[in-house]
Amino acid sequence: MKLSEAQIKLLGLVHNIKSEEEANDICRLIQKYYVEKLDEEIDRLWANGTLSEEKLEAMSKEHFRVPSRR
């Protein structure tokens with residue numbers, strides 16, 4: 001697997017991490033970033049009609065269970 005330029009850039013910053021607490025803080029920042037991106041996408045889908053109360057209600061009644069891999 002080849003790393004992207006963005007991944008290489010982030011890995012270059014790793015040497016600055018001095019403690020597990022700092023690593024955890026960085027992980028929380030990255031998680032917050034992706035939560036914000038997800039919120040933006042949900043807002044966009046809601047605004048363009050892809051998501052609606054009716055569609056959410058229909059989705060809540062669907063069964064999305066994945067078969068186990070035994």
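Can you pull the percent of the chain's accessible area that's carbon plus sulfur, 1.4 Å probe, other chains left in place? Please report the intermediate quantities before stating the final value.
Working: 4130 of 7070 Å².
Ligands and nucleic acids excluded, carbon and sulfur give 58 percent.
Charging the Cβ of each Asp and Glu at -1 and of each Lys and Arg at +1, and nothing else, the dipole of the chain about its Cα centre rounds to 540 debye.
Mind checking the per residue accessible area of the chain for me, 1.4 Å probe, whole number of Å²? Please list the in-between numbers first.
Details: 7070 Å² over 70 residues.
Value returned for the chain: 101 Å² of accessible area per residue.
Listed by chain and number, the lysines placed with their C-alpha closer than 25 angstrom to that of Lys55 are Lys37; residues fewer than eight positions away on the same chain are left out. Diffusion of the chain by Stokes-Einstein, at 25 °C in a medium of 0.890 mPa s and with Rh set to the Kirkwood radius over alpha-carbon pairs, works out to 151 µm²/s.
Residues whose amide H comes within less than 5 Å of that of Leu51, counting only those at least five positions distant or on another chain, are Trp46 (H built at 1.01 Å from N in the peptide plane).
The values are calculated or read from the model by the stated rules, or taken from the named source; none is laboratory data. Since the model is a prediction, treat every value here as computed from it, not as a measurement. So basically every Cβ, Gly included, is an ideal-geometry build from the backbone, and we count neighbours across all protein chains shown. What goes into the accessible areas is simple: the full protein's heavy atoms, side chains included, and nothing from ligands, DNA or RNA. Shrake-Rupley method; radii C 1.70, N 1.55, O 1.52, S 1.80 Å.
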